[in-house]
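The values are calculated or read from the model by the stated rules, or taken from the named source; none is laboratory data. The shown structure was predicted, so the numbers you read here are calculated from the model rather than taken from an experiment. Please note: Cβ atoms are built from the backbone with ideal geometry, for glycine as well, and neighbour counts cover all protein chains shown.
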Amino acid sequence: MNFQESLKNAAFSIQQAEKKKAIVVEGLKKLKAKELPESREFFEKTFVKKIQPVELNCRIAGVDSGFVGQELFSTDLLLIRAVSAVFDYKNGKLEKAQYLPQGFSFPEPFFSTNALERDEFNANTSIQRLIKEVQTAIDVIEKFSPQYCFMDGSLLPQHADKPRANSKIKKNFDIMISKVQELYAVASENNCELIGCVEDSRGNRWAGILDKELEVEGMDEYHDAVLLNDLLERQERSFIFSYTKNALEHPILNDFQKEWQNAIFAFYLKPTQYDFPLRVEFLNPNGGNPAEKAEKIAGLVLAQSSMHKEYAFPAVLIEADLRAGLKPEEINLVKDKIIDKIGKNAFILRRRDRRPFAK
């Protein structure tokens, strides 16, 4: 098969998939006007709900991190910088911006000489980054007392980062699990609403609920955000759902304390017409119906995420991301300072990363 034929086949496959998806979405649209049935999976009657942005009169924090990892010949290097932006709003306008840490901060270096396997190196990168982000969130809540704290990504660590029982990074994973639960407790004790915004969600929990509870065909072939992008109109959100049906069978939640195992809920929100829906996660640890809390959070996220018609993401997280990002000159500067102390031998690249010929 030549290139043109391969291209033609690929285009045909995509067109067929889009036609199939359109049929599924048309079926879902018929459910928009109907009430959801009684079920442990449904916490409200409305399939889709229209949301109005709230007028911001509060303090909002946002936490994100920048990182770079490098597998070296004799050690592994990870540089991380976590930053929190703190925005004060009055009558819908930004009055003041503060940061933690204040001013410029060098990324923090982490070394590992444990000869990690590739999957362990990647998992350890995620673990160390999340520990740093979570500690920054704890610090900003305790120092600035925001009413809301936005996290870039899920409120729960990803199961792909859970190491094997005998892994050299199991201790780091356990520290991360403990630290995440500490964040939940600190947020709860300080009356701070913790909100996770997943920029590019590949979850399928929402679709799985519809497949099982309403027997909607074709749901298992698509990610939630793909279907909801065509189903939701601007300023609409999906129904609320719990993070998982059975926490004791979840690879991460079964390591959590009981009070947090069933505390995470989510919904999808479409802030603008020209971007995919956001997955929004929040805590509801007291066991009450999460619908009222979700309504308030949705209005807040909408107000924060409607600045650009083609990029829907909370402004406070965009600012934190810009502050946390690592520049090449910063990375080189940190490396040079470490080389001054321990010598160049520690920074010999692996053979595959220093080939003398071009690819």
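Screening Ala22 on (1) within 19 Å of Leu227 (Cα to Cα); (2) surrounded by 13 or more Cβ atoms within 10 Å (Cβ to Cβ) shows it passes everything except condition (2). Taken over region 25-55, the residue count meeting the criterion of being surrounded by fewer than 15 Cβ atoms within 10 Å (Cβ to Cβ) and of a type in the set (A, V, I, L, M) is 1. Of all residues in region 304-326, those satisfying the criterion of being touching a Gly at 6+ places or on another chain (Cβ under 9 Å) and farther than 19 Å from Ala266 by Cβ are Ala315, Val316, Ile318, Glu319, Ala320, Asp321, Arg323, Ala324, Gly325, Leu326.
Residue count for region 255-301 satisfying the condition of being surrounded by fewer than 23 Cβ atoms within 10 Å (Cβ to Cβ), in contact (Cβ under 8 Å) with a residue 40 or more places away in the chain and of a type in the set (Ser, Thr, Tyr): 1.
Specify the residue that is surrounded by the most Cβ atoms within 10 Å (Cβ to Cβ); the eligible residues are those in region 56-80 that are farther than 19 Å from Ser306 by Cβ and at pLDDT 95 or above. Write out each step before concluding.
Step one: of region 56-80, the residues farther than 19 Å from Ser306 by Cβ are 59, 61, 63-80.
From what is left, the residues that are at pLDDT 95 or above are 59, 61, 63-65.
Details: Arg59: 19, Ala61: 29, Val63: 31, Asp64: 25, Ser65: 26.
So the residue we want is Val63.
Here is a check on your reading of the model: is Pro101 within 23 Å of the chain's Cα centre (by Cα), surrounded by fewer than 17 Cβ atoms within 10 Å (Cβ to Cβ) and over 30 Å from Asn246 (Cα atoms)? Yes.
Looking at region 189-291, what helices (runs of 4 or more DSSP H) fall wholly within it and have at least 1 residues that are modelled with pLDDT of 95 or more and farther than 27 Å from Ile175 by Cβ?
Working: elements: 205-213, 224-231, 258-261.
Hits in region 189-291: 205-213, 224-231.
For region 94-113, the tally of residues that are of a type in the set (D, E, K, R) and either free of Cβ contacts under 8 Å to residues at least 12 places away in the same chain or assigned to a loop (DSSP other than H, G, I, E, B) (or both) stands at 2.
Might you check whether a residue that is free of Cβ contacts under 8 Å to residues at least 12 places away in the same chain, more than 18 Å from Thr272 (Cβ to Cβ), assigned by TED's automatic domain parsing to the domain that holds Ala291 and not charged (D, E, K, R) occurs anywhere in region 189-196? Outline the logic, then answer.
First, pick out the residues of region 189-196 that are free of Cβ contacts under 8 Å to residues at least 12 places away in the same chain: 189.
After this cut, where a residue has to be more than 18 Å from Thr272 (Cβ to Cβ) as well, the list is 189.
Then keep just the ones that are assigned by TED's automatic domain parsing to the domain that holds Ala291; that gives 189.
Keeping just the survivors that are not charged (D, E, K, R) gives none.
The answer is no, given that none of the residues of region 189-196 is free of Cβ contacts under 8 Å to residues at least 12 places away in the same chain, more than 18 Å from Thr272 (Cβ to Cβ), assigned by TED's automatic domain parsing to the domain that holds Ala291 and not charged (D, E, K, R).
Number of residues in region 230-281 that are closer than 28 Å to Val180 by Cα, of a type in the set (A, V, I, L, M) and touching a Pro at 6+ places or on another chain (Cβ under 8 Å): the value is 5.
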